[in-house]
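What follows is one structure encoded as structure tokens, with my remarks underneath.
The values are calculated or read from the model by the stated rules, or taken from the named source; none is laboratory data. All values reported here derive from a predicted model rather than from experimental measurement. Here the Cβ positions follow ideal geometry from the backbone for every residue, glycine too, while neighbour counts run over all protein chains shown. The protein model used for the area step is the full one, side chains on, heavy atoms only, and it has no ligands, DNA or RNA in it. Shrake-Rupley method; radii C 1.70, N 1.55, O 1.52, S 1.80 Å.
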Amino acid sequence: MALRMATRRLGSKLLPRFSSTSVLHSHATSFGFKEIPEEEKSRMVGNVFSNVASNYDLMNDLMSAGLHRLWKDRLVSKLNPFPGMKHLDVAGGTGDVAFRILETLNSVKSRATQDSLDDNLHEETQIFVCDINPKMLNVGQKRALERGLGEDKSLIWVEGDAEALNYKDNSMDGYTIAFGIRNVTHIEKVLAEAYRVLKRGGRFLCLELSHVEVPVFKELYDYYSFSIIPAVGEVVAGDRDSYQYLVESIRRFPSQDTFASMIAAAGFQKVEYENLVGGVVAIHSGLKI
């Protein structure tokens, strides 16, 4: 795993070479490898996730050989959740990241000395799970019930758009988005909204499938992505096209350095990213200072 720093200085160096406008325009008008009218993307992506919602977790396990669980653990470890925090998990419909944050907080609570102040802090904790797709949220709420978390007041499920969040400025201590930002229409709007809702000192964290740079590994990864994943999607979920799109969307997403420069351009400082499994996925991080 390689950790690379992308400071505001790095961002300023990269921006002239990798124009965020041109990258975003290309991404905003693409649906996988297809060029589409910009206004159509949200609907088409929505259809994909409505189709895959019921098999989403199973397919994640199959596609990543279960590694997505470790990647999400790593994401939450970087967040360092604390009792009483207000956290926003965007594109988090099935609850995977939110459940991990809550489990971490409950673990902290069980180790801490119990007093009224500690109890009050835990009661004040709010984890907002925001997703634009109601079917994904339904899966997450069902999973919460199965985990005995159906009545947990810390978990708040909200249908919402990452590009136009319905939260006040400077209201969140943390912001996470896992495997979601490559599917939005305007990445720069998502980053701007993340910056807006975070408090000073708040951390932005993004876990996303990214770009492999090692030549031999890249060839193997490309073969697996384009030949195996859509076929598995067809057998398990009866939906080859949705998984073909998901694979293509990864290739259309900006490189690690380019995305880091975009985060810096949104106003975040101390921007960095960590490659996992040779760049198959990357965790980007930034602070609002």
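Structure notes:
- Residue list for segment 204-241, restricted to those being more than 22 Å from the chain's Cα centre (by Cα) and part of a loop (DSSP other than H, G, I, E, B): Val214, Ala237, Gly238, Asp239
- In segment 216-239, the residues that are farther than 24 Å from Lys72 by Cα and open to solvent by 90 Å² or more (accessible area, probe 1.4 Å): Val216, Glu219, Tyr223, Glu234, Val235
- When segment 45-68 is filtered for residues that are among the acidic types (Asp, Glu) and within 18 Å of Ser225 (Cβ to Cβ), only Asp61 remains.
- When segment 183-213 is filtered for residues that are open to solvent by 10 Å² or more (accessible area, probe 1.4 Å), farther than 16 Å from His87 by Cα and among the charged types (D, E, K, R), the ones remaining, listed by number, are Glu188, Lys189, Glu213.
- Subset of segment 79-103 (residues that are under 21 Å from Ile181 (Cβ atoms), out of contact with any Asp or Glu (no Cβ under 8 Å at 6 or more places or on another chain) and in a helix (DSSP H, G or I)): Leu79, Phe99
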